[in-house]
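Quick notes on the structure that follows.
Bear in mind these aren't lab numbers, they're just calculated from the coordinates by the rules spelled out. This structure is a prediction, so every number in the text was calculated from the model and none was measured. With ideal geometry, Cβ positions are generated from the backbone for all residues, glycine too; neighbour counts draw on all protein chains shown.
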Amino acid sequence: MNHVAFDVPAEQIEEYRDRLIAKGVEVTEIINHDNSAAQVSRTLTDDVFIRSIYFFDPDGIMLEFACWTKQLGANEAHRKPATERDRERYLATLTQNANAAADAAVKAAAKAKA
């Protein structure tokens, strides 16, 4: 298992992040998932379909609060399911800001193509 995701209302994701931080939970910046080669965007664009934050529960299980920003059609879902290998990328965002995470994802996507 990579992580457990919970669907949250889009208008509350910033509030949930702030509340987790206020409780002392280490949480990522908001990650904008899109269909680009990097699979993340630094900014909220029309191609972003999910915004997420990641953190750990007290037992060390990675959790995600995710909000859908748009409905996807069958031909729009170009992402592969997350795997254990993806875990390191998610974990890295716990200590980096969203821009650094996006830069790392771009480099990983370019390396994978090579």
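Of interest is the spacing of the C-alpha centroids, which for the stretch 29-64 and the stretch 6-23 amounts to 13 Å. Here each label is just a point 7 Å from Cα along the line to Cβ, and for Lys111 and Phe56 those points are 2.2 nm apart.
For Glu15 and Asn35, the FRET efficiency from 1/(1 + (r/R0)^6), where r spans their Cβ atoms and R0 equals 22 Å, is about 0.25. Each label was represented as a point 7 Å from its Cα along the Cα-to-Cβ direction; for Ala5 and Val25 these points are 1.7 nm apart.
Taking 7 Å steps out from each Cα toward its Cβ at Thr83 and Gln71 produces label points 3.2 nm apart.
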